[in-house]
1. Looking at the stretch 26-54, which of the residues that are part of a loop (DSSP other than H, G, I, E, B) and without any contact (Cβ under 8 Å) to a residue 60 or more places away in the chain is nearest to the chain's Cα centre (by Cα)?
2. Looking at the stretch 90-125, which of its residues are free of Cβ contacts under 8 Å to residues at least 24 places away in the same chain and not in a helix (DSSP H, G or I)?
3. Take the conditions surrounded by 14 or more Cβ atoms within 10 Å (Cβ to Cβ) and farther than 23 Å from residue 61 by Cα and apply them to residue 156. Does it pass?
4. Looking at the stretch 4-12, is at least one residue in contact with a strand residue (DSSP E or B) (Cβ under 8 Å, 6 or more places away or on another chain) and under 22 Å from residue 115 (Cβ atoms)?
5. Output the residues belonging to the stretch 1-25 that are within 27 Å of residue 89 (Cβ to Cβ) and part of a strand (DSSP E or B).
6. I want to confirm something. Restricting to the stretch 117-136 and keeping residues that are out of contact with any helix residue (DSSP H, G or I) (no Cβ under 6 Å at 6 or more places or on another chain) and at pLDDT 95 or above, which single residue is surrounded by the fewest Cβ atoms within 10 Å (Cβ to Cβ)?
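The values are calculated or read from the model by the stated rules, or taken from the named source; none is laboratory data. Owing to the predicted nature of the structure, the values given are computational and were not obtained by experimental measurement. As a convention, Cβ positions derive from the backbone with ideal geometry for all residues, glycine included, and neighbour counts pool all protein chains shown.
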């Protein structure tokens, strides 16, 4: 249920539990953030795969440090993550995404390796029930918002609205 590298949940956990949460709390808002590291290929190409992996692990720690209680991260694959914000409406979801974006931007990564690299993330936010009624549609909406952010220049937060 957990990703070894980041300590976040894995996609199996996401798909097994989140639809149940949505079904159980039909009137309670839930926001998801689809987050992607900007230009991560550059990090791997410049500093190697091992340091790329270390960067992902350190990123997870940064995200965890600003996540509200009861919210969690999912390692979605490679340098993509889903953040689940149960009970968070659209505005609060956007605020958390911006807090994560700023925390990552100001962090110096790989300092234990005598390096100091800076990365940025792009985030797409979608909220249940207004943006989607199913888990699949909710993730697709957040992914679409992320795609739009990346198209417009990265290192930003956008939403499906």
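1. Initially, the stretch 26-54 is screened for residues part of a loop (DSSP other than H, G, I, E, B), giving 26-29, 38-39, 48.
Right, trim to without any contact (Cβ under 8 Å) to a residue 60 or more places away in the chain and you get 28, 48.
On the way: 28: 21, 48: 23 Å.
Among those that are part of a loop (DSSP other than H, G, I, E, B) and without any contact (Cβ under 8 Å) to a residue 60 or more places away in the chain, it is 28.
2. Selection gives 108, 114, 116, 118.
3. Working: surrounded by 14 or more Cβ atoms within 10 Å (Cβ to Cβ): yes; farther than 23 Å from residue 61 by Cα: no.
The answer is no for residue 156.
4. Residues of the stretch 4-12 in contact with a strand residue (DSSP E or B) (Cβ under 8 Å, 6 or more places away or on another chain): 5-6, 8-11.
Still in the running and under 22 Å from residue 115 (Cβ atoms): 5-6.
Yes: the stretch 4-12 contains one or more residues that are in contact with a strand residue (DSSP E or B) (Cβ under 8 Å, 6 or more places away or on another chain) and under 22 Å from residue 115 (Cβ atoms).
5. So the first thing to find is which residues in the stretch 1-25 are within 27 Å of residue 89 (Cβ to Cβ), and the list is 6, 8-11, 13-25.
Of everything in the stretch 1-25, just one residue is within 27 Å of residue 89 (Cβ to Cβ) and part of a strand (DSSP E or B), namely 9.
6. Within the stretch 117-136, the subset out of contact with any helix residue (DSSP H, G or I) (no Cβ under 6 Å at 6 or more places or on another chain) is 117-119, 129-130, 133-134, 136.
If we keep only those that are at pLDDT 95 or above too, we end up with 117-119.
Details: 117: 17, 118: 10, 119: 22.
Among residues in the stretch 117-136 that are out of contact with any helix residue (DSSP H, G or I) (no Cβ under 6 Å at 6 or more places or on another chain) and at pLDDT 95 or above, the one surrounded by the fewest Cβ atoms within 10 Å (Cβ to Cβ) is 118.
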